[in-house]
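Engineer: One structure is given below, represented as structure tokens, and several questions about it will come after.
Taken together, the values in this text are just the output of simple stated rules run on the coordinates, not laboratory data. Remember, predicted model here, so these are calculated numbers, not experimental data. So basically every Cβ, Gly included, is an ideal-geometry build from the backbone, and we count neighbours across all protein chains shown.
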DNA sequence: CGTATCGTTGAAATATATCAATCGCAGTGG
DNA sequence: CCACTGCGATTGATATATTTCAACGATACG
């Protein structure tokens, strides 16, 4: 993938942003990729990068959906995050990727050389802050997820997951699940059966309605929120 | 705490570091606090900061041990990390702390104004990179912990925990546990009883020997490693 | 030396996993 | 157009790891 990428990743004009420097106060967000990066398409289940590979590129989802994950030797998988359009991923401070990344469905990804961003950061503190801010955002998500995995029940996990998706698209009447039950299970630290049963249960309680297995309608936002903890 | 800190946190000379700028390649670590910060002492179980409080200070453990954590409304607690001497914590990109922090035992903490670091970062890309690097390190730890909480058995969790502590002090013949069984349980997503039983079991299997409940001798590093997954 | 706190152990309960069967839908080919 | 196939999702029955509840033991502290 890296080799293939190297040739297709044409880096366009670098536009150093000017504006108020932002180390002092939170200012957000600011389009790191503006005018940068090459667009690539990944098929369903195609690997974008693997754990331990050189982290020479940074990615942003243009369309589709991506999962990042780790696997143990015996195949147990923990999904770290689901990335949706607009999300940046694969940005590492160190040399290598800490997780693998795969497209969940056919996805368009904008790819940018990390060094291009680093060079910008060298000169513009605002870019430096933006890079840091992305990592900090990721950390925040990971830390909330620790609470979910360490201390929440199966039902609370699923409800929290749906709540998070719903919060992301507040105006959408339905939550669209791009990922399989297995993906959700590996994200929530459960089995597919438990995820499935929990959906059925939430539906029986009138909290949600399933329209096919990939569309979830939230019947009562309040009831769903109560289920999150 | 913040008010109390404000008066005692005398910021000494700021020494902007000069040297090779490091956005391009991994270079590590570099003493952010050199010449900065005030020393404070926190008693056992004293709060250093609370979740949601303004993140105006950054902390480094000089001696002792610190836990960071989140709590749910009903009291369930998830410990995010244990910080040991040399560790930096409380550094946030956003305005507020995402977790609370408490001293586990009487601890000396070096406290530094975040703005002092931000001002440095404004001028020195190296400082900017160092701040980012700290956050990225934290993210890395969080992501490994996700795998532990989501996919590992009780025994694997405890073994992984011991392994990590042991790796941190490779030459020490004994692992010193500064934290209670409850702290470990809340870190590992288990109950105190399960943690206790697992210690007993690992001891029965000849992997470790307990010398009192706070000292662990690793009898077979290989056996311990095998238990980690 | 008594008391409180923390840790350990045991027995029982339970949430979730595991194993296994069926269902349902999408794609395929007759 | 409709059976056929395959894969993911659901449901059921059972197993099990971990929790919960409870008692006891050890250790530190005043």
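Engineer: Can you grab the distance from the C-alpha centre of region A:99-137 to the C-alpha centre of region B:96-144, Å, no decimals?
Structural biologist: 20
Engineer: Next question, about the same structure. Comparing A:113, A:141, A:76, which has the greatest mean-square fluctuation in the GNM of chain A with Cα pairs linked when under 10 Å apart?
Structural biologist: Its mean-square fluctuation being the largest, the pick is A:76.
Engineer: Put a point 7 Å out from Cα along the line to Cβ at residue A:203; what are the distances to that point in the other copies, in nm, shortest first?
Structural biologist: 5.0
Engineer: Please report the base-10 log of the normalised intensity I(q)/I(0) for region A:152-227, using a Debye sum with one equal scatterer per alpha carbon and no solvent, at each q in 0.17, 0.19, 0.21 (1/Å).
Structural biologist: -0.56, -0.71, -0.89
Engineer: Here's something else I'd like to know. Shortest first and in nm to one decimal, what separations exist between residue A:176 and its copies in the other chains, measuring from label points 7 Å along the Cα-to-beta-carbon line?
Structural biologist: 5.7
Engineer: Also: Once the Cα atoms of helix A:114-123 and of chain A are each reduced to a long axis, what angle between those two axes, in degrees from 0 to 90 to the nearest 10, is obtained?
Structural biologist: 60
Engineer: Please compute the volume of the convex hull spanned by the alpha-carbon atoms of chain A and report it per residue in Å³.
Structural biologist: On the way: hull volume 31.9 nm³, N = 229.
It comes to 139 Å³ per residue, whole-number rounded.
Engineer: Only Cα pairs within less than 10 Å get springs; with that Gaussian network setup on chain B, which residue of B:112, B:213, B:65 has the largest fluctuation?
Structural biologist: B:213
Engineer: Next question. When the scattering of region B:103-229 is computed by the Debye formula from its Cα atoms alone, each counted once and equally, what is log10 I(q)/I(0) at q = 0.15, 0.19, 0.21 Å⁻¹?
Structural biologist: With no solvent term, the Cα-only Debye profile gives -0.80, -1.07, -1.22.
Engineer: What is the Å³ per residue value for the convex hull set by the Cα atoms of the protein assembly as shown?
Structural biologist: On the way: hull volume 72.9 nm³, N = 458.
Given the Cα convex hull of the protein assembly as shown, per-residue volume reads 159 Å³.
Engineer: How much length is gained if the chain between residue B:119 and residue B:182 is pulled fully straight, taking 0.36 nm per residue apart and subtracting their Cα-Cα distance, in nm to one decimal?
Structural biologist: Values: separation 63, 0.36 × 63 = 22.68 nm, distance 3.98 nm.
Here the segment from residue B:119 to residue B:182 would lengthen by 18.7 nm.
Engineer: How tilted is helix B:154-168 with respect to the longest principal axis of chain B? Cα atoms for both, answer in degrees (0 to 90, nearest 10).
Structural biologist: Long axis of B:154-168 versus the principal axis of chain B: about 50 degrees.
Engineer: With springs connecting C-alpha atoms under 10 Å apart, model chain A as a Gaussian network and identify which of A:101, A:136, A:185 has the largest mean-square fluctuation.
Structural biologist: Its mean-square fluctuation being the largest, the pick is A:136.
Engineer: Using bins 5 angstrom wide from zero, how does P(r) for region B:40-157 break down, in % of all Cα pairs?
Structural biologist: The calculated distribution, bin by bin, is 2, 11, 18, 23, 20, 15, 7, 3, 1, 0.
Engineer: Another question, if that's okay. Let me confirm one metric for peptide B:78-88, namely the mean number of other chain beta-carbon atoms within 10 Å of its residues' beta-carbons. Please list the in-between numbers first.
Structural biologist: Working: counts 10, 3, 6, 2, 0, 0, 0, 0, 0, 0, 0.
For this peptide, the per-residue mean of nearby foreign Cβ atoms is 2.
Engineer: In nm to one decimal, list the spacings between the residue B:223 label point and its equivalents in the other copies, with label points set 7 Å along Cα to Cβ, shortest first.
Structural biologist: From this label point to the equivalent ones elsewhere in the assembly: 5.3 nm.
Engineer: Report, in degrees rounded to the nearest 10, the 0 to 90 angle that the Cα long axis of helix A:125-151 makes with the longest principal axis of chain A.
Structural biologist: The helix A:125-151 is inclined about 20 degrees to chain A.
Engineer: Can you give the helix-only mean residue ellipticity at 222 nm for chain B, where every DSSP H stretch with n ≥ 4 adds -39500 (n - 2.57) and the sum goes over all residues, rounded to the nearest 500 deg cm²/dmol? Present the calculation step by step, with values, prior to reporting the outcome.
Structural biologist: On the way: 7 runs with 87 residues, N = 229.
It lands at -12000 deg cm²/dmol.
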